[in-house]
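S.K.: Before we start, here is the structure in question, set down as C-alpha cells.
The values are calculated or read from the model by the stated rules, or taken from the named source; none is laboratory data. Small disclaimer: the values here were computed from a predicted structure and weren't measured. Every residue, glycine among them, receives a Cβ derived from its backbone with ideal geometry; neighbour counts consider all protein chains shown. Quick note on the areas: whole protein, heavy atoms, side chains included, nothing else; ligands and nucleic acids left out. Shrake-Rupley method; radii C 1.70, N 1.55, O 1.52, S 1.80 Å.
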Amino acid sequence: MSLESVILSKVKESPFDTRELSEKLKLDYNKLIQAIKSLEYKKVLECKIKVLNEIVLTESGKKCLTAGTPESRMFESIPENGIKKSELMKIFGREGQPTFGQCMKCGWIRSEKIETKEQEQEKEQPKQKGKKKKKQRPDLMLFRKVEEINDLVLEDLKIIHDRMSEKLTKKTLDILKRRKLITTIQTKSFVVSQGPEYEKYTTTQKIEYQTCLKKGMLQKNNWKSHTFKKYNFKSLGVPTKGGSLQPILKVRSEMRKAFLEMGFEEMKTNRYVESSFWNFDALFQPQQHPARDAHDTFFMKNPKKAKQIPEELMEKVKTTHETGGYGSIGWRYKWSEDESRKNLLRTHTTAVSSKTLREISKEPFRPRRFFSIDRVFRNETLDATHLAEFHQVEGFIIDKNLSLGDLIGVISEFFGKLGMEKFKFKAAYNPYTEPSMEIFAFHNGLNKWIEIGNSGIFRPEMLQPLFSGTRFNDYKEDVNLSVIAWGLSVERPTMIQYQIQDIRNLVGHTVDLQMVKKGPICRLGFPRKVIKEKKKEEEIKKEKN
Ligand code: PHE
C-alpha cells in the first residue's frame, strides 16, 4: 500500500494525529507530513496544528528505568552488617549526599555514630589554647532499616514513560523536575481529517495521463486507448535568456540621450589608434609634455608611424608650436615631425574633437554642437579606481563669441540632465584650453562634492591652425569664432550610480555577470526631476504661509 492510500484509509476511519500515526505504523515523519501536505493542498485533507506540552523523562530519568533510582541503588549497596558512610559516599561520588538524604527521607537507612581514637582522646583532654586542630566530622555507620523497599519514584517515572503524567499530582511532578528526572517539551503535530475533495478524490478512478504520443503506442496501435493530457496554454514558460547591457553601456545611453536632447551631433570615434599629431600636436600640446611619455601613453609598434597627415596643416601646427602666432609666442622649441607621426592608442577623445573641427571647417560655418562617448587608453598602474582604458565623454560647441558664461551654462544644463544640481568650478590647466576649469558637482546620494570633469575654451593656438585655409578662416578677422569643450569619464558616474567600489568589478574579467544581468536600468536624470518637484512643493508651501 502506498503512503497516500494508508493516509486516506486511516482518515476514513477517524481523524488522526500525525505523531501518533507515525509512531504506531513506524512511518518516517517527514515523508508522512509531505504526503499529507500535498493532499491538503488538493483539499483532500484538512490539517489542524496541535501544540502539546509533553512531560518526558530526561536522560537520568531514563537511566532510572533500567538501573533503578539512585536511592534504591544506594539501599542495595549497603551490606547486611552495615557500611561506613565515607565509603558509601566514595561509591556514589557527587550524587552521594543528596541520594543519602533521599534514603533517609524514605526511612530506608539508619545510622550510628562511631568515634575515632583521636576524638576519644580529645574528649578526655580539654582543648589546648593556641593549638587549633581541624575538627573532623565523626563518621557514621549505616545499616538497612527495612527489609525491602517500595520505590515510589520509580513507579512515578514508569507512569511518565507510559505518557500518563496526568495521573500524577503537580507536587510530585515538581519534585521530579527539581531532581532533573523529567522535563517538559513542546511537540507540534497535526490533526488530520477529511477535506471537501476527499470523496471525489477517493472515488474517481485515477487515470494515467500521457503527455505525448510515443513510438510504442503507434507500433502497438493502441494509442486510442490512452488518455492524453491537455495542453496548458496558460502555463508560464521558462524565462528566456536575453542579452543584458553592461552598466557602462546603460549610463552611456543615458548620457547620449542628454546630448541628443540638447541638439548635439555624435562624432565618429571608430579609431582607437591615432597619430600623436591629432592626439597632441593639433591640440597645441608640446612634444616634451609629460603626458607624451611612454609611461603615460601606449605607443604603437606596428604601424609605428602615421602617413596621412595634411601637410599644410602640419606646417601651421609646427610654426605655432615653435614661434606662435595669433598673439602667442609659441612653445619655443624645435618641433619634430617624426615625433608627431608616432602612432598611439588615443589618450583622450579630444583627439576626435580636433579632427572633427578640421572636418567641419570644410563646410560654411554654422553654430554646431558635437559629442562623443568612447574608449580611451592610458598607461596607468591598475588599482581600484584606475584601469589602462576607460570611456570618455566629450562635448564641444562652436559658435561666435562664446564665453565662460556659456560654458558654465551648457555644462550645468548637461550635468543637470544627469541628475546633478549644484556645481562648483575651479581654475585648472590644459595645454589646449584657456581658461580651463575643473567641474565639481554636489552628489545628493553621496552627500558630498565630487570632481566630475574638465573643461575650457579651446585656445586660438589650437583653433587657428585648424581653421586656416578653410571656410571658417573667413571669419577670422571680424568674428570671434570660439569653441567651448568639456570631458569626463563614464566609469566614475557609473560606479557611483551602481554603487561599485572597485573599477575591476565594473570592467574586465572579474565582473560578476549576475550584477550585469540583474542591474536596473539607469535613470540619471531622475533625481533631478524629483528635486525639482520637491522644490516646487516647497515654494508652494512658502507662498501659502
Ligand atoms: N581631454 C581632457 C581630459 O582628458 C578633457 C577635456 C576635454 C578638457 C575638452 C577640456 C576640454 O581630461
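S.K.: Would you please calculate the Kirkwood hydrodynamic radius of the chain over all C-alpha pairs and express it in Å, rounded to one decimal?
M.R.: For the chain, inverting the mean 1/r across all distinct Cα pairs yields 34.6 Å.
S.K.: Let me know the shape class of region 311-371, please: from the alpha-carbon gyration tensor, a ≥ b ≥ c as square roots of the eigenvalues, rounded when a/c is under 1.5, otherwise prolate if a/b is greater than b/c, or oblate.
M.R.: Since a/c reaches 1.5 but b/c is at least a/b, the shape of region 311-371 is classed as oblate.
S.K.: Ok, one more. Convex hull over the Cα atoms of region 204-302, averaged projected area in nm²?
M.R.: Average of the hull's projected areas for region 204-302 equals 18.0 nm².
S.K.: I've got another one for you. Which residues does a label at Q186 reach in region 20-51, if reach means a backbone N under 11 Å from a point 7 Å past the Cα toward the Cβ?
M.R.: 51
S.K.: Take F233, F228 and sort them by solvent-accessible surface of the protein heavy atoms, 1.4 Å probe, largest at the top.
M.R.: Largest accessible area first, the list is F233, F228.
S.K.: Something else: Apply the Karplus curve 6.51 cos²θ - 1.76 cosθ + 1.60, θ = phi - 60°, to the phi angles in region 80-94 and return the couplings in whole Hz, x for Gly and Pro.
M.R.: Working through the residues one at a time gives 4, 8, x, 8, 5, 4, 4, 5, 4, 5, 4, 5, 8, x, 5 Hz.
S.K.: What is the helix-to-structure angle for 29-41, meaning the angle in degrees between its Cα long axis and the longest Cα principal axis of the chain, kept from 0 to 90 and rounded to the nearest 10?
M.R.: For helix 29-41, the angle is close to 60 degrees.
S.K.: Using the Cα atoms as the points, what is the convex hull volume per residue of region 162-220 in Å³?
M.R.: 254
S.K.: Provide the packing ranking of 20-26, 330-336, 349-355, i.e. peptides ordered by the mean count of other C-beta atoms within 10 Å per residue, highest first.
M.R.: In decreasing order of mean packing, 20-26, 330-336, 349-355 become 349-355, 330-336, 20-26.
S.K.: Amide H of E389: which non-local residues (sequence gap of 5 or more, or other chain) have their own amide H closer than 5 Å, using H built in the peptide plane?
M.R.: So E389 has HN proximity to R378.
S.K.: Whole-Hz ³J(HN,Hα) for each residue in region 288-299, computed from phi via Karplus 6.51 cos²θ - 1.76 cosθ + 1.60 with θ = phi - 60°, x for glycine and proline: what do you get?
M.R.: Each residue's phi maps through the Karplus curve to give 8, 4, x, 5, 8, 6, 5, 5, 10, 10, 8, 8 Hz.
S.K.: Which whole-number value in Å³ per residue fits the convex hull of the alpha carbons of region 395-488?
M.R.: Given the Cα convex hull of region 395-488, per-residue volume reads 89 Å³.
S.K.: Please list the non-local residues whose amide H lies under 5 Å from the amide H of A306, H modeled 1.01 Å from N, same-chain partners needing a gap of 5 or more.
M.R.: Here the answer is K342, N343, since their amide H atoms fall under 5 Å of that of A306.
S.K.: Based on the Cβ-Cβ distance from E155 to S5, what FRET efficiency comes out when R0 is 56 Å, to the nearest 0.05?
M.R.: About 0.85, to the nearest 0.05.
S.K.: Which angle between 0 and 90 degrees, to the nearest 10, do you get for helix 152-161 versus the longest principal axis of the chain when only C-alpha atoms count?
M.R.: Compared with the principal axis, the helix lies near 40 degrees.
S.K.: At a Förster distance of 60 Å, what's the computed FRET efficiency of E421 paired with E59, Cβ-Cβ distance as r, to 0.05?
M.R.: According to the calculation, E is roughly 0.30.
S.K.: Another one. For every helix of n ≥ 4 consecutive DSSP H residues, a contribution of -39,500 (n - 2.57) applies; sum these over the chain, divide by its total residues, and give [θ] at 222 nm rounded to the nearest 500 deg cm²/dmol.
M.R.: Taking each H run of at least 4 residues, the total per residue is -11000 deg cm²/dmol.
S.K.: Sticking with this structure for a sec: Taking each pair of distinct Cα atoms in region 413-464 once, what is the resulting Kirkwood hydrodynamic radius in Å?
M.R.: Final number for the Kirkwood radius of region 413-464 is 12.0 Å.
S.K.: Once neighbouring chains are kept in place and the probe is 1.4 Å, which whole percent of the accessible area of the chain is contributed by carbon and sulfur?
M.R.: The C+S portion of the solvent-accessible surface of the chain is 52 percent.
S.K.: In nm², what is the average projected area of the convex hull enclosing the Cα atoms of region 191-257?
M.R.: Its Cα hull, projected and averaged over all orientations, spans 12.3 nm².
S.K.: Per residue of region 452-464, what does 6.51 cos²θ - 1.76 cosθ + 1.60 with θ = phi - 60° give for ³J(HN,Hα)? Whole Hz please, x for Gly and Pro, Karplus curve as stated.
M.R.: 10, x, 10, 7, x, 9, 4, 6, x, 4, 8, 6, 4
S.K.: Per residue, how much accessible area does the chain have with a 1.4 Å probe, in Å²?
M.R.: Ligands and nucleic acids excluded, the figure is 64 Å² per residue.
S.K.: Output needed for region 368-427: three equivalent-ellipsoid semi-axes, defined as square roots of 5 times the C-alpha gyration tensor eigenvalues, in descending order, whole Å.
M.R.: 27, 16, 12
S.K.: On the principal axes of its Cα set, how long, how wide and how thick is region 1-71? Give whole Å, largest value first.
M.R.: Each principal axis gives a Cα extent; for region 1-71 these are 56, 26, 21 Å.
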